[in-house]
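Rule-based calculations on the coordinates, nothing more; no lab input. Here the structure is a predicted model, which means the values were calculated and not measured. Here the Cβ positions follow ideal geometry from the backbone for every residue, glycine too, while neighbour counts run over all protein chains shown.
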Amino acid sequence: MALRELKVCLFGDRGVGKSSIVWRFVEDSFDPNINPTIGASFMTKTVQYQNELHKFLIWDTAGQERFRALAPMYYRGSAAAIIVYITKETFSTLKNWHGPPNIVVAIAGNKCDLIDVREVMERDAKDYADSIHSIFVETKISRRIPSTDANPPSGGKGFKLRRQPSEPKRSCC
Ligand SMILES: Nc1nc2c(ncn2[C@@H]2O[C@H](COP(=O)(O)OP(=O)(O)OP(=O)(O)O)[C@@H](O)[C@H]2O)c(=O)[nH]1
């Protein structure tokens, strides 16, 4: 079976939930006490879609301002980027995370389970996403969404982690 490798990076201010999104995707788990990322953390997950295996090489970057200058390095060679926000403030800094024009960008409005924290109207976020030709999705990582897919992709096998859930995140670059 053919194997395609796709580099995907996550960007966004600290605490918006980038690592939680990755953990939900890779391990289908949620840790309310997850540690902040230092530098970046790397994980992979292989998903079968039709007759192809897609191996996602996922770079989860640190949101702290001091790491922002490293973004171009992670963008290099990426097929896609996910830029995450939650509040008005983290939404207003989305443009700081913009990358090259030739990659797929998805904007994720995370923590939509926390009604009080959610300050950006879905319509405004969608309009912004349209204006930069990106995908828009609202996410909540804290609760598992039951799959309605009778044949879910064969993720889970073939992924490797550099960090166990209970360990602190390590810088790897
Ligand atoms: N209620 C709720 N909490 C969330 C959600 N996603 C993440 N969190 C929590 O938000 C906090 C920050 O999550 P992280 O995934 O570490 O955020 P991050 O963007 O990777 O943060 P940095 O590593 O500092 O850049 C953690 O306490 C998570 O458990 C969500 O959808 N809902």
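Here the condition is being within 16 Å of the ligand (Cβ to nearest atom), touching a residue at least 12 places away in the same chain (Cβ under 8 Å) and in contact with an Asp or Glu (Cβ under 8 Å, 6 or more places away or on another chain); of Phe42, Phe67, it holds for Phe42 alone.
What is the residue count in region 45-64 for residues that are part of a loop (DSSP other than H, G, I, E, B) and within 13 Å of the ligand (Cβ to nearest atom)? Residues in region 45-64 being part of a loop (DSSP other than H, G, I, E, B) and within 13 Å of the ligand (Cβ to nearest atom): 3 in total. Those residues that are within 6 Å of the ligand (Cβ to nearest atom) and closer than 18 Å to Ala71 by Cα, I need them from region 13-37; list them, please. If the condition is that a residue be within 6 Å of the ligand (Cβ to nearest atom) and closer than 18 Å to Ala71 by Cα, then Arg14, Gly15, Val16, Gly17, Lys18, Ser19, Pro36, Thr37 are the ones that fit. When Cys9 is tested against (1) surrounded by fewer than 16 Cβ atoms within 10 Å (Cβ to Cβ); (2) out of contact with any Gly (no Cβ under 7 Å at 6 or more places or on another chain), only condition (1) is not met. Against the condition in contact (Cβ under 8 Å) with a residue 40 or more places away in the chain, under 26 Å from Ser131 (Cα atoms), of a type in the set (Val, Ile, Thr) and in a loop (DSSP other than H, G, I, E, B), how does Val8 come out, does it pass? Spelling it out, it is not the case that Val8 is in contact (Cβ under 8 Å) with a residue 40 or more places away in the chain, under 26 Å from Ser131 (Cα atoms), of a type in the set (Val, Ile, Thr) and in a loop (DSSP other than H, G, I, E, B). Applying the set (1) over 16 Å from the mean Cα position of the chain (by Cα); (2) among the acidic types (Asp, Glu); (3) within 26 Å of Asp116 (Cα to Cα) to Asp31 leaves exactly one unmet item: (1). Arg24 falls short on exactly one of the conditions (1) farther than 15 Å from Val105 by Cα; (2) buried (at least 19 other Cβ atoms within 10 Å of the Cβ); (3) in contact with a strand residue (DSSP E or B) (Cβ under 9 Å, 6 or more places away or on another chain), and that condition is (3). Listed by first and then second residue, the pairs with beta-carbon distance under 6 Å, at least 6 apart or on different chains, first residue in region 103-117 and surrounded by fewer than 22 Cβ atoms within 10 Å (Cβ to Cβ), second of a type in the set (S, T, N, Q), are Ile103/Ser78; Asp113/Ser142.
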